[in-house]
Amino acid sequence: VKSPTNSGIVASSFRDPSGFVFWQDGAIYRQINTIYKEDYDRLMTSGLHKALVEEGLIVSHEEVALQSAAPQVAYKVIRPDRVPFISYPYEWSFSQLKGAALATLRIQRKALDFGMSLKDCSAYNIQFIKGKPVFIDTLSFEKYQEGSPWVAYRQFCQHFLAPLALMSHRDSRLGQLLRIHLDGVPLDLASKLLPRRTHFSFCLLTHIHLHGRAQARYSDTRIDTKRLRLTRLGFIGIISSLESGVKRLKWNPGGTEWGDYYQDTNYSAEAFQHKKQIVAEFLEAIHASNVWDLGANTGIFSRIASDKGIPTISFDIDPAAVEKNYLECRRRGETNILPLLSDLTNPSPGIGWQNKERMSLAERGPADAVLALALIHHLSISNNTPFAKIADFFASTCESLVVEFVPKSDSQVQRLLATREDIFVDYTQQAFESEFAKLFVLERSQPITGSERILYLMRRREST
Amino acid sequence: MMKRSMLPKTLIMPALLYLPFHQVVHAYVDGGTISLVIQSAIGVFVGALVAIGLYWKRIKASVKNLLSRSKKSGEPGEEPH
């Protein structure tokens, strides 16, 4: 029996009295408190957990004989399967959030069949594992009391329905509201932002517009909550209504800045092929255990890594590119690649209580290897970031770096300079190499045939 | 354009949603409680739809059954010798 300490309790795991998540010797565990004993036993003995695991809807776990982190309230300790990379709803594309919503409703429907219900419908309870949305919170189930309303209904509307409706009917960038509102988009706000035509959708009229207005209008009204009833048929009706409403929400990812990047580039087919070949060779040399592709666009180069079986996170700033990337993952049934939305000039910060509930992107690193292809000129010229700072960022993000230098004469750089004054006198290959060499060993460099671009393979220096 | 089938739903629902607020008062209401009220009201409506859907399937099946029986009994080949 190992002896854990409380020091490893995960910062976001403090709200639910049913238990908490903690780290011990590099493994993650969940303590189940005695207060949750009855519901946990019901989850396991009813067959619900087994059924959800078989459908790939919940993470599997095993009960372990580990001394409890808080023995006075402990019932059991379980070791759930490890989630390879924690991502957050504000980093997901439209279809990722939609997939997470439908998985949550499927779990709720299944739970009802086994006499249980979800008491918590936070989007943070879903993680993407092997390309699919999977529920990770074993403590979110409770016994279904016949006639009781669904306590997680509002949370579902705020965490899933409202942002999806806004992304579908207004603008996909409104998914970023989830970064500001930790408990989901307030329904009165969603109602104000949605176009009038959404009043003609039964799902959005009831679950967002009327729901949001009632919250605002009757917030100081007193009501006998004990008399509120929701029949099982009513419960099923609400799940069905939400399910069909979510399924009807669509977003077509086209016409954004980067969505059509590869159709609008200065590469010849030969140069593009040569670049792929060099990246593949560099990745072979690195033997990376995981890769972050920064500025991945639709993930063409990420797939060079993921197709080799390397777990790869494919970041891009453009919601359309991330959406296309995710749809491609689903189409090909890929399990090693996770597309995520990220603006590297303003990456996800630590948010929530004490800025620790949701980790910053930096806290979730470093990666073993980073691909930074056709990225440097955007950071340097579009964001006015000196090479020294860019090199510093990469040194804190990875061990090995595959980076592409795009010279000023390149048409893509010229395009960036067309709308701004050229104050970038230090934007030269020599300055680039000199600054990066302070933090990295420049192991290999190779020009891309038919272009003026150069690919580098670098390793972080021991001292950094 | 609003679908024809949506009309009854969109007209009836607002009326239904205001009913529960005339209940006796006991507890202080926050946003979460309002959500319980709202879903209780929506539940009445969508629950009825689910019930109709379930019964409709059964009615359809029984009617089909009846029709096929009468059809079979009307067929010459099926008549007793």
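The values are calculated or read from the model by the stated rules, or taken from the named source; none is laboratory data. Computed from a predicted model, the values in this text were never measured in an experiment. Cβ sites come from the backbone with ideal geometry, for glycine too, and all protein chains shown count toward neighbours.
Counting just the residues of the stretch A:105-142 that are of a type in the set (Asp, Glu) and touching a Ser or Thr at 6+ places or on another chain (Cβ under 7 Å), which one comes out nearest to residue A:84 (Cα to Cα)?
Checked the stretch A:105-142; the qualifying residue nearest to residue A:84 (Cα to Cα) is A:120.
Could we say that residue A:448 is touching a residue at least 60 places away in the same chain (Cβ under 8 Å) and in contact with a strand residue (DSSP E or B) (Cβ under 7 Å, 6 or more places away or on another chain) here?
Yes; evaluated as a whole, the condition is true for this residue.
State the number of residues belonging to the stretch A:20-35 that are hydroxyl-bearing (Ser, Thr, Tyr) and either surrounded by fewer than 14 Cβ atoms within 10 Å (Cβ to Cβ) or closer than 13 Å to residue A:80 by Cβ (or both).
Qualifying residue count for the region: 1.
Every residue in the stretch A:85-123 that is among the acidic types (Asp, Glu) and farther than 27 Å from residue A:42 by Cα, please.
A:91
Just to be sure I understand, how many residues within the stretch B:12-53 are more than 7 Å from chain A (Cβ to nearest Cβ) and at pLDDT 85 or above?
Of the residues in that region, 5 qualify.
A quick yes/no check of all residues on (1) aliphatic (A, V, I, L, M); (2) closer than 23 Å to residue A:244 by Cα; (3) in contact with a strand residue (DSSP E or B) (Cβ under 6 Å, 6 or more places away or on another chain):
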position	(1), (2), (3)
B:38	yes, yes, no
B:42	yes, yes, no
B:45	no, yes, no
B:49	yes, yes, no
B:54	yes, yes, no
B:57	no, yes, no
B:61	yes, no, no
B:66	yes, no, no
B:69	no, no, no
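Sort out which residues of the stretch A:220-237 are within 37 Å of the chain's Cα centre (by Cα), within 7 Å of chain B (Cβ to nearest Cβ) and either closer than 10 Å to residue B:40 by Cβ or not aliphatic (A, V, I, L, M) (or both), and write them in order of number.
Hits for the stretch A:220-237 are A:225, A:228, A:229, A:230, A:231, A:234, A:235, A:237.
Across the stretch A:136-161, which residue is nearest to the chain's Cα centre (by Cα) among those that are surrounded by fewer than 22 Cβ atoms within 10 Å (Cβ to Cβ) and part of a strand (DSSP E or B)?
Step by step, filter the stretch A:136-161, then rank; the result is A:142.
Looking at residue A:463, is it crowded, with 19+ Cβ neighbours inside 10 Å and modelled with pLDDT under 95?
Taking the combined requirement at face value, the residue does not satisfy it.
Kindly evaluate residue A:305 against the criterion of being under 19 Å from residue A:99 (Cα atoms), in a helix (DSSP H, G or I) and of a type in the set (Gly, Ala, Ser).
no
What are the residues in the stretch A:284-303 that are within 19 Å of residue A:326 (Cβ to Cβ) and either surrounded by 22 or more Cβ atoms within 10 Å (Cβ to Cβ) or under 16 Å from the mean Cα position of the chain (by Cα) (or both), if any?
A:291, A:292, A:293, A:294, A:295, A:296, A:297, A:298, A:299, A:301, A:302, A:303
Kindly check whether there is at least one residue in the stretch A:434-443 that is within 18 Å of residue A:292 (Cβ to Cβ), of a type outside the set (Ser, Thr, Tyr), without any contact (Cβ under 8 Å) to a residue 40 or more places away in the chain and buried (at least 16 other Cβ atoms within 10 Å of the Cβ).
Looking for residues that are within 18 Å of residue A:292 (Cβ to Cβ), of a type outside the set (Ser, Thr, Tyr), without any contact (Cβ under 8 Å) to a residue 40 or more places away in the chain and buried (at least 16 other Cβ atoms within 10 Å of the Cβ), one finds none in the stretch A:434-443, hence no.
Given the conditions (1) facing chain B (nearest Cβ under 7 Å); (2) within 23 Å of residue A:177 (Cβ to Cβ); (3) at pLDDT 95 or above, and given that residue A:240 satisfies all but one, which numbered condition is not satisfied?
(2)
Considering each residue of the stretch A:193-215, count those that are under 29 Å from the mean Cα position of the chain (by Cα), assigned to a helix (DSSP H, G or I) and either more than 7 Å from every other protein chain (Cβ to nearest Cβ) or under 18 Å from residue A:175 (Cα atoms) (or both), and give that number.
Matching residues across the stretch A:193-215 total 8.
Among the numbered conditions (1) closer than 20 Å to residue A:166 by Cα; (2) away from chain B (no Cβ under 14 Å); (3) surrounded by 15 or more Cβ atoms within 10 Å (Cβ to Cβ); (4) at pLDDT 90 or above, tell me where residue A:253 comes up short.
(4)
Out of the residues in the stretch A:174-188 that are out of contact with any His (no Cβ under 6 Å at 6 or more places or on another chain) and within 12 Å of chain B (Cβ to nearest Cβ), state the one that is surrounded by the fewest Cβ atoms within 10 Å (Cβ to Cβ).
It comes out as A:183.
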